[in-house]
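A quick write-up on the structure given underneath.
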Amino acid sequence: MTSTSFLDLSDGRTIAYRFTPGTGPVIVFLPGYMSDMNGSKAAAVFEMARASGLPCLLFDYSGCGESSGYFGEGTLTRWTQEVLALVAALEMPDEKVVLVGSSMGGWVMLLAGLALGDRLAGLVGIAAAPDFTDWGIAQMDKAILADGETIFEDNPYGPEPTPTHPGFWADGQANLLLEGPIAIDAPVRLLHGQRDEDVPFDISLQLAERLRSADVQVTLIKDGDHRLSRDGDIQLLLRTVAQLVLPRAAQVPSES
């Protein structure tokens, strides 16, 4: 893994990132909610890109990991702006971008993809969770958030409860995507475990219907959970990313 660099934004935020240069479309990995660039899936994509001579960008949203800021101020809009700022700041011979989004990162992936327009070369969603501030929150909790209070839920991945702050929720409700067509024409690959207890796999099926692109494929992993971080899951992810960015002869082979 390369060393961490930092991008200073005009409002004082400092965004931590790692970048490996190369030739071809840049692969940008977008972490999930309260996650950072040190996860196993992000690291695997980064190493695959570096070994293949492809540019790849990992980063921490503001308020997460090594980036500055307070997590409670984070929103989808804010974090999408950080993605776009990093892509604009890095020197890349090829202007095309492939976004890989995990869970909430799949929602950021869609928002950033819409903003990138013709620069978008493809999307890979891993248990993508667009609109989870709507379908993933109980009506009673929505009322609490609308009153400006933070809610806390049990966290299956750590000892501390997971907060949802009112600003994040309100911004999510302003960025709902599954209610109508999504004007993305690039190839899209969606990976989803059928044993995902956090994001129903039906969300990926709904997303496939809403995307305007004719080149959309959904892969369901029957025994896969939300994280999809087992060795076989990660190999599937690497093959899926490779199919979008590498010549066929150089794509990641299947495990024998």
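The values are calculated or read from the model by the stated rules, or taken from the named source; none is laboratory data. Keep in mind it's a predicted model, so treat the numbers as computed, not measured. A quick note on method: Cβ atoms are made from the backbone with ideal geometry, for glycine too, and the neighbour counts reach across all protein chains shown. Accessible surface is based on the protein model in full, side chains and every heavy atom, while ligands, DNA and RNA are left aside. Shrake-Rupley method; radii C 1.70, N 1.55, O 1.52, S 1.80 Å.
What to note about this one:
- Set Thr162, Thr150: member being in contact with a strand residue (DSSP E or B) (Cβ under 6 Å, 6 or more places away or on another chain), closer than 25 Å to Gly224 by Cβ and open to solvent by 10 Å² or more (accessible area, probe 1.4 Å): Thr162
- Every residue from the stretch 1-43 that is closer than 19 Å to Val245 by Cα, aliphatic (A, V, I, L, M) and open to solvent by 20 Å² or more (accessible area, probe 1.4 Å): Ala43
- Close pairs from the stretch 121-144: first surrounded by fewer than 16 Cβ atoms within 10 Å (Cβ to Cβ), partner assigned to a helix (DSSP H, G or I), Cβ under 7 Å, at least 6 apart: Asp134/Gln173
- Note on the stretch 44-53: residues that are modelled with pLDDT of 95 or more and either part of a loop (DSSP other than H, G, I, E, B) or acidic (Asp, Glu) (or both) total 1.
So that you can scan it fast, the table gives a plain yes or no per residue for (1) open to solvent by less than 30 Å² (accessible area, probe 1.4 Å); (2) out of contact with any Lys or Arg (no Cβ under 6 Å at 6 or more places or on another chain); (3) of a type in the set (S, T, N, Q); (4) modelled with pLDDT of 95 or more:
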| site | (1), (2), (3), (4) |
| --- | --- |
| Leu191 | yes, yes, no, yes |
| Gln194 | no, no, yes, yes |
| Glu209 | no, yes, no, yes |
| Val216 | no, yes, no, yes |
| Asp231 | no, yes, no, yes |
| Leu236 | no, yes, no, yes |
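- Every listed requirement among (1) in contact (Cβ under 8 Å) with a residue 40 or more places away in the chain; (2) assigned to a helix (DSSP H, G or I) is met by Ser229 save one, (2).
- Considered as a group, the residues in the stretch 72-83 that are touching a helix residue (DSSP H, G or I) at 6+ places or on another chain (Cβ under 6 Å) and more than 26 Å from Ser40 (Cβ to Cβ) include one that is surrounded by the most Cβ atoms within 10 Å (Cβ to Cβ), and that residue is Thr75.
- Yes/no for Gly172 being in a helix (DSSP H, G or I), more than 30 Å from Gln235 (Cα to Cα), touching a helix residue (DSSP H, G or I) at 6+ places or on another chain (Cβ under 7 Å) and of a type in the set (Gly, Ala, Ser): yes
- Evaluated against (1) assigned to a strand (DSSP E or B); (2) over 26 Å from Val241 (Cβ atoms); (3) of a type outside the set (D, E, K, R), Gly125 falls short on exactly one condition, (2).
- Candidates Ala242, Ala183: the one that is touching a residue at least 40 places away in the same chain (Cβ under 8 Å) and loosely packed, with under 14 Cβ neighbours inside 10 Å is Ala183.
- Of all residues in the stretch 86-113, those satisfying the criterion of being open to solvent by 30 Å² or more (accessible area, probe 1.4 Å) and not in a loop (DSSP other than H, G, I, E, B) are Ala88, Ala89.
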